[in-house]
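Student: To start, I am sharing the structure in question, which I have written as C-alpha cells.
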Amino acid sequence: MVAGFDRYFQIAPCFHDEDPRADRLPGEFYQLDLEMSFVTQEDVWDTMAPIMTGVFEQFAEGKPVTKEWPRIPYDQAIRKYSSDKPDLRNPIEMQAVTEHFAGSGFKVFAGMIERDPKVEVWAIPAKTGGSRAFCDRMNAWAQSTGQPGLGYIFWRKEEDGSIAGSGPLAKNIGEERTEALRTQLGLDAGDACFFVAGDPAKFYKFAGEARTKAGEDLNLIDRERFELCWIIDFPFYEWSEEDKKVDFAHNPFSMPQGGLEALQTQDPLTIKAYQYDAVCNGFEIASGSIRNQSPELMVKAFELVGLSQTDVEERFGGMYRAFQYGAPPHGGCAFGIDRVVMLLLGAKNLREITLFPMNQQAQDLLMNAPAPAMPKQLLELSLRVIPPMKKD
C-alpha cells in the first residue's frame, strides 16, 4: 500500500514458529492473503464471504453452506459459546443464571457470589441429556480434566404430569428456583443443564469444552453442513497475569476502534480493535483487520504496553519508517488454505492432507529432515555446535 498498490491478493507460503497441534503444523502453511486500500471492515467481509461460500459450495458435495455469514462480537461469542471460534452446528447456547443461585441453599455458589462481585454462574443447557447416568458421566469427565466437578440439574416428568428437577443442586436451591431456571433456559422433561461458577475470564475455556463435550456426546451437532461466521470486535488489549501489565490481545498493528482519542482517554482493557476472524465448524480459517497505518497512533498503542518510541523504531523499524512516507487506510485478511481443505475433506488433523507432514517434533520422517549439519556447512556460517552438558 505504501508503494501505491490499490489492492492485491496472493497465495503465499508462510512460516511460523508455534507449537504444533491438530489444526496447526510446524513450519510451512499456505494462505490466500489480500489487502485493499480505502476500505472498511464491512468491505472486506462483503468481498470475501461470497467467495469463500462459493469455494465451500463447489467442493462440499451438496452439504449446506452458510450464505449470509453472521457477524458475532467477540464478547457475545464468549458469553454464548465460550469460544472465539464457535462451532455453530452445536445448538447449545450458554446463559448467565447468577441470580438464581445468589442467596440460595447451594452454599458453594451462593458463598462465591457473596464474596466476590466478579463471580458469575453460567448455565450449559443440554437438551435430551436428562438422565443421571449422562450427568454423572459429564461430572466424571470434568474431574478428569482437573476440575472439582460439574454441577447439574436434570428434569423428569412426574406421574401427575408436572415436571420436576432432580440432582443435588435442585435439592439445595428448591423447587421455585429450579423451575425458574428451567423456564429461562427453555428446557423440558428429559433435558439437563450443567453449571460453572467463578470469574468468567478464568472458567470460560472449560465451559466451552463442556459445551462441546455435551453436544458431541448427545449427538446434537449436525456434521453434514458447513456453518461459517465472522467473529468481530476483538479486544485490543488484555491483562497479562504473568507480566502483571497490559499487553496486546492479538495483532498489535490493528487499528483500535476510536483511534488516538480512545488510546488517550479510555481504559485500555475496554478498547476494541477493527479485527476479525472467519470461523467454520469450530475452526478459525482466517484472520484480518483494518491496519494501523499512522506512525503516531502506532507509537501510542505500544506506549500503553510499556514500549517507547525508540523501542518501536528499533523493533518494527521497517513498518514504522515506511508509514512515515504516507499510506492510505487499508485492511484485509488471510484465509488458511490448508485448514479449508482439511474441513472440506472431513479430516481431523492437518497431517492427513499435508504433502510432507511433520511430526510433533517438527521432523519430516519421509525426507529424514532436519538432518545433522556437516562441519563444512557450519564453518561457512561461522557457527559452532556446543554439545549438551552431561549430568552428574
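The values are calculated or read from the model by the stated rules, or taken from the named source; none is laboratory data. This is a predicted model, so every value here is computed, not measured. Please note: Cβ atoms are built from the backbone with ideal geometry, for glycine as well, and neighbour counts cover all protein chains shown.
Student: In segment 4-26, which residues are assigned to a strand (DSSP E or B) and touching a Pro at 6+ places or on another chain (Cβ under 9 Å)?
Tutor: Once the filter is applied, which keeps residues that are assigned to a strand (DSSP E or B) and touching a Pro at 6+ places or on another chain (Cβ under 9 Å), segment 4-26 yields only H16.
Student: Pull out all pairs, ordered by first then second residue, where Cβ-Cβ is under 7 Å, the residues are six or more apart or on different chains, the first lies in segment 173-202 and is assigned by TED's automatic domain parsing to the domain that holds A133 and touching a residue at least 60 places away in the same chain (Cβ under 8 Å), and the second is buried (at least 22 other Cβ atoms within 10 Å of the Cβ) and of a type in the set (K, R).
Tutor: Going by the 7 Å Cβ cut-off, there are no qualifying pairs.
Student: While we're here: Looking only at segment 298-331, count how many residues are touching a residue at least 40 places away in the same chain (Cβ under 8 Å), on the phi < 0 side of the Ramachandran plot and either surrounded by fewer than 12 Cβ atoms within 10 Å (Cβ to Cβ) or not in a loop (DSSP other than H, G, I, E, B) (or both).
Tutor: 10
Student: So M367 ticks every box in (1) aliphatic (A, V, I, L, M); (2) in a loop (DSSP other than H, G, I, E, B); (3) surrounded by 16 or more Cβ atoms within 10 Å (Cβ to Cβ) but one. Which box is left unticked?
Tutor: (3)
Student: While we're here: Here is a list: M1, M48, M36, M52. Which entry is assigned to a loop (DSSP other than H, G, I, E, B) and more than 18 Å from the chain's Cα centre (by Cα)?
Tutor: Residue meeting the stated conditions: M1.
Results for (1) closer than 30 Å to Q58 by Cβ; (2) in contact with a His (Cβ under 8 Å, 6 or more places away or on another chain); (3) not charged (D, E, K, R), shown as yes or no for each residue.
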{"position": "R225", "(1), (2), (3)": "yes, no, no"}
{"position": "L228", "(1), (2), (3)": "yes, no, yes"}
{"position": "V246", "(1), (2), (3)": "no, no, yes"}
{"position": "F253", "(1), (2), (3)": "no, no, yes"}
{"position": "G258", "(1), (2), (3)": "no, no, yes"}
{"position": "L263", "(1), (2), (3)": "no, no, yes"}
{"position": "Q266", "(1), (2), (3)": "no, no, yes"}
{"position": "Y276", "(1), (2), (3)": "yes, no, yes"}
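Student: Just one of (1) out of contact with any Phe, Trp or Tyr (no Cβ under 6 Å at 6 or more places or on another chain); (2) not in a helix (DSSP H, G or I) trips up C229, so point out which.
Tutor: (1)
Student: Taking F194 as meeting all but one of (1) outside any strand (DSSP E or B); (2) crowded, with 19+ Cβ neighbours inside 10 Å, write down the number of the exception.
Tutor: Of everything listed in (1) outside any strand (DSSP E or B); (2) crowded, with 19+ Cβ neighbours inside 10 Å, F194 misses just condition (1).
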